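To keep things clear, I will list the structure first and then write my remarks on it.
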There are 4 protein chains.
Amino acid sequence: MSDRPVQPRPGRKRSEESRLAILTAAFELIAEVGYAGLTIEGIAARSGTGKQTIYRWWPSKADVLMDAMATKAELYVPIPDTGSYAADLRAFLEASFTLARRPAVADGLRALMAEAQIDAAFGERFRASFLRPRRDALGIVLERARSRGELPPGLSPGAIADIVFGTIWYRLLATRRLPDDRLVEELVTALTEPGLEEPS
Amino acid sequence: MSDRPVQPRPGRKRSEESRLAILTAAFELIAEVGYAGLTIEGIAARSGTGKQTIYRWWPSKADVLMDAMATKAELYVPIPDTGSYAADLRAFLEASFTLARRPAVADGLRALMAEAQIDAAFGERFRASFLRPRRDALGIVLERARSRGELPPGLSPGAIADIVFGTIWYRLLATRRLPDDRLVEELVTALTEPGLEEPS
Amino acid sequence: MSDRPVQPRPGRKRSEESRLAILTAAFELIAEVGYAGLTIEGIAARSGTGKQTIYRWWPSKADVLMDAMATKAELYVPIPDTGSYAADLRAFLEASFTLARRPAVADGLRALMAEAQIDAAFGERFRASFLRPRRDALGIVLERARSRGELPPGLSPGAIADIVFGTIWYRLLATRRLPDDRLVEELVTALTEPGLEEPS
Amino acid sequence: MSDRPVQPRPGRKRSEESRLAILTAAFELIAEVGYAGLTIEGIAARSGTGKQTIYRWWPSKADVLMDAMATKAELYVPIPDTGSYAADLRAFLEASFTLARRPAVADGLRALMAEAQIDAAFGERFRASFLRPRRDALGIVLERARSRGELPPGLSPGAIADIVFGTIWYRLLATRRLPDDRLVEELVTALTEPGLEEPS
DNA sequence: CAGTAACCGAGACGGTACGTCAAGTCTTAAT
DNA sequence: ATTAAGACTTGACGTACCGTCTCGGTTACTG
């Protein structure tokens, strides 16, 4: 096993130091000047690197930011498995909302989603490497619930995912009221079969 | 009262011809070159006007586009009043989805929402003059339902609005699968009290 | 008469202030940093103008410099007419040498001739608008001498011009010994018919 | 004495293969893309060597080109010795003109002279190792003529050299009319004492 | 014959300047 | 006062090369 025979290409190796300096600069700049003020030149200047080094490894400033978010922000959302669909859903929502309430994360996510609308090629990359994994995580929770027969009738897993992520993103993008615990309960209410949730 | 006494200011009047030419050019250009390729200079050239004329009347190209969308696209969504919450919701969703499925409209909405993330001042205007009226329309439907006691327990009107608009926007922005009739039914399922909708 | 009906084109007029600031900056910079260190960006910064303003009116930095030399340096060489070929030639050479001994002029001429070798299109412009007029001035002197039968046998006016200008340029470009009065006499000696010059 | 005692330094020897590949690449590239398009990176790529190898042995691309000209072009001009100043001068001019008429040589010479104006350090090397030997060759011819009393009165050997080389270079650099046989005769006419040349 | 020193190719690095684009401002003559 | 036209300053873009700096690997002299 273990493919990739390390392929010892000739020439100087990529500088890990520069890579981190660039991601750090991008992460700091987005907080200081906003996405509209974020420029490749600014990242290069702040990080003490050359523009060419950025262009060599990332196709656009949005890709730098996406990489910076993945590297510098801790975006991991665990896949809960409590045995109950309602509890799993609540746990997933709470973890996601906690993330989205961090200002730097919320600002970064808004900028990435905006750029995804404007630059179609980046949009593809953003969906494939950022949105899809998180949607897949919820998909696992929903699949378990489905196999236990806990999903409400008339609601497909796909629609539930659309509603869950749609509501989170809408709060971020359109209302700018960050999602709170009350919204967790209302989403759980809407997405579970009434009468089944609280067996008390 | 005393409505604008026509205020006969001195000097040449605003050219209605130019205004329409600018909005038409913006609407056509967004389809031809995309929002990334839309420029004030391009709009001026295409419309046969000067840049200054655009800057005099609109604060940014996104405002031109928003105006163009409002003027050139027919974005009106009627406020249904059938007497039944489920039927009203379904009608509202169907009308909204029909709109969002028009490619020019979908592209324009995506661009406006993107710009609203990047330019905070435009974001304010976009929310106030574009998002709020539509949310208010749904609010009227929901208020009528609430007063008739048809809203599901545990779901506030605000949360329902977040879920409805969130899901529509998410399909536009993140999945690029345009909303379809099946989603209408799933949203109605999630947002009505089970057993009440279809009295079968 | 008086063509060019002033052609009142619409729009803002070219800024004479910027034009002069650019030429002045170029003329000063060539002395301070040399041609290798002369950049469009440097000229723009020093002159307080934008790069685009330079690119709008000149095709290359060499053209800016050529214009600056013509405007800022006083390069005019009068066409002598003493009635004697030898005296005219001597006067022409002395005036030309005086010019070429000014360091700023010598440096500028060297740079222009160098660029003319490297950029063929500029070379054409340099020959047509810089070298040709000066060669034509000498041509008038020689034509007068020819009509009076004063040219030495076996020497065409073209060859005399090649020798005169060739020698001046060679001293500038290759030896960097600036031309002096002794060289004037030696050139006059070589280019006049012996025995005719000093009729004494 | 005993120069360079072969100094058997340790380490790998300079690769003659790479040296020739670099000079060949430079010589070919100057013809294909011109001096403006000639780059160290291009020479390295074409020759299959690394940039460092070039920088190790030559201080600039102009030095590579000068070396390539000396190695690839046959630039040798014999020192004629016929016993007659006029015949020697004619022979020297004819040999030099023949060289300068070869397009690759003319292009190379123009580029070197241009670079000598722009890069002062290279200019020194160009004068010392390229121009000086050729001027010295003519100097030998002129010294022999002087000792035989054949030089025209009023013309120093230095002035003659300035006129000879100046005229050749001027034709190359400024008029781009390559020197021809007629010019040989006119130069001989100007630089010999009339009545002495053809004793007929 | 193992070290070690200089060379080689490849290619990433920090920089500088390029020539272009568009932004938002201003000036002009005409309406 | 407003318009179309177009020049203005500003700032970032993405590219091209510069000259330097690793890399891993090859030669060739030396202790």
For every helix of n ≥ 4 consecutive DSSP H residues, a contribution of -39,500 (n - 2.57) applies; sum these over chain D, divide by its total residues, and give [θ] at 222 nm rounded to the nearest 500 deg cm²/dmol.
-19500 deg cm²/dmol
Pop a pseudo-label 7 angstrom from the Cα along the beta-carbon direction at both A:S15 and B:R182 and give the gap in nm to one decimal.
5.2 nm
So how tilted is helix C:181-191 from the main axis of chain C? Cα-based, degrees 0 to 90, rounded to 10.
60 degrees
Enumerate the residues in the stretch B:41-73 having an amide nitrogen under 13 Å from the point lying 7 Å beyond the Cα of B:T24 toward its Cβ.
B:46-49, B:72
Taking beta carbons within 10 Å but only from partner chains, what does the mean come to for residues B:81-87?
0
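Let me make sure I get this right: for the stretch B:16-72, a, b and c are the square roots of the gyration tensor eigenvalues over alpha carbons, sorted descending. Under 1.5 in a/c it's rounded, otherwise prolate if a/b > b/c, else oblate. Which is it?
Details: a/c = 1.36, a/b = 1.22, b/c = 1.11.
Verdict is rounded for the stretch B:16-72.
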Just A:L112, A:L75, A:L155 to compare: in a GNM of chain A, with alpha carbon springs under 10 Å, which one fluctuates most?
A:L155
Give the Cα extents of chain D along the principal axes, in whole Å, largest first.
65, 47, 27
Which whole-Hz couplings ³J(HN,Hα) result when phi for each residue of the stretch D:9-18 is put into the Karplus expression 6.51 cos²θ - 1.76 cosθ + 1.60, θ = phi - 60°, listed in order with x for Gly and Pro?
5, x, x, 5, 7, 4, 7, 4, 4, 5
Dipole magnitude (debye, nearest 20) for the protein assembly as shown, charges at Cβ of Lys, Arg, Asp, Glu:
480 debye
May I ask you to report, in nm to one decimal and beginning with the shortest, the distances from C:A36 to the same position in the other copies, taking label points 7 Å along Cα-to-Cβ?
2.0, 4.1, 4.5
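Counting only protein heavy atoms and a 1.4 Å probe, tell me what percentage of chain B's accessible area is made up of carbon and sulfur. Don't skip to the end; give the middle numbers.
Details: 5360 of 9890 Å².
Reported share for carbon and sulfur atoms: 54 percent.
Looking at the calculated P(r) for the protein assembly as shown, what percent of the C-alpha pair distances fall above 37 Å? Don't skip to the end; give the middle numbers.
Details: 203435 of 319600 pairs.
Tail fraction, whole percent: 64.
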Residues meeting the amide H criterion for B:L75 (H placed from the backbone, H to H distance under 5 Å, 5 or more places apart or on another chain) are none
Taking square-rooted eigenvalues a ≥ b ≥ c of the alpha carbon gyration tensor, is the stretch A:85-191 rounded, prolate or oblate, where a/c under 1.5 means rounded and, failing that, a/b exceeding b/c means prolate?
oblate
Cross-link candidates for C:K72: which aspartates and glutamates have Cα within less than 18 Å, leaving aside residues fewer than 8 places away along the same chain?
C:E16, C:E17, C:E28, C:E32, C:D63, C:D107
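Partner chain Cβ atoms within 10 Å, averaged over the residues of A:125-134 - can you pull that number for me? Before the final figure, lay out each step's value.
Values: counts 0, 1, 3, 0, 0, 1, 4, 0, 0, 0.
Going residue by residue through A:125-134 and averaging, the value is 1.
So how much accessible surface do C and D hide from each other in total, probe 1.4 Å, in square angstrom to the nearest 100? Before the final figure, lay out each step's value.
Values: alone 11510 and 11480 Å², together 19920 Å².
Rounded to the nearest hundred, the buried surface is 3100 Å².
What's the magnitude of the charge dipole for chain B around its Cα centre, counting Lys and Arg as +1 and Asp and Glu as -1 at the beta-carbon? Answer in Debye, nearest 20. Each step should come with its number before you reach the end.
Working: 27 positive and 27 negative charges, 212 e Å.
Around 1020 debye, computed over chain B.
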Unit charges at the beta carbon, dipole of the stretch D:16-72: most positive-side option, D:Q52, D:L38, D:A70
D:Q52
If the only charges are +1 at each Lys and Arg Cβ and -1 at each Asp and Glu Cβ, what is the size of the charge dipole of the stretch B:85-191 around the Cα centre, to the nearest 20 debye?
100 debye
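Rolling a 1.4 angstrom probe over the protein heavy atoms, how many square angstrom per residue are accessible across the protein assembly as shown? Walk me through the intermediate numbers first.
Numbers: 39800 Å² over 800 residues.
Here the per-residue accessible area is 50 Å².
Under the definition of partner shielding as Cβ atoms of other protein chains within 10 Å of a residue Cβ, what is the mean value for peptide B:118-124? Mind dumping the intermediate values first?
Numbers: counts 10, 4, 3, 0, 0, 4, 1.
Partner Cβ neighbours, averaged per residue: 3.
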Which whole-Hz couplings ³J(HN,Hα) result when phi for each residue of the stretch C:152-160 is put into the Karplus expression 6.51 cos²θ - 1.76 cosθ + 1.60, θ = phi - 60°, listed in order with x for Gly and Pro?
x, x, x, 10, 7, x, x, 5, 4
Karplus-derived HN-Hα couplings along the stretch A:20-31 (A = 6.51, B = -1.76, C = 1.60, θ = phi - 60°), whole Hz, x at Gly and Pro:
5, 4, 5, 5, 5, 4, 4, 5, 6, 5, 4, 6
Lys/Arg Cβ at +1, Asp/Glu Cβ at -1, dipole of the stretch A:64-198 taken about the Cα centre: which of A:G158, A:L191, A:A87 is farthest positive-ward?
A:G158
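The values are calculated or read from the model by the stated rules, or taken from the named source; none is laboratory data. Given the structure is predicted, the values throughout are model-derived calculations rather than measurements. So basically every Cβ, Gly included, is an ideal-geometry build from the backbone, and we count neighbours across all protein chains shown. When the accessible area is computed, the model is the full protein with side chains, heavy atoms only, and any ligands, DNA or RNA have been set aside. Shrake-Rupley method; radii C 1.70, N 1.55, O 1.52, S 1.80 Å.
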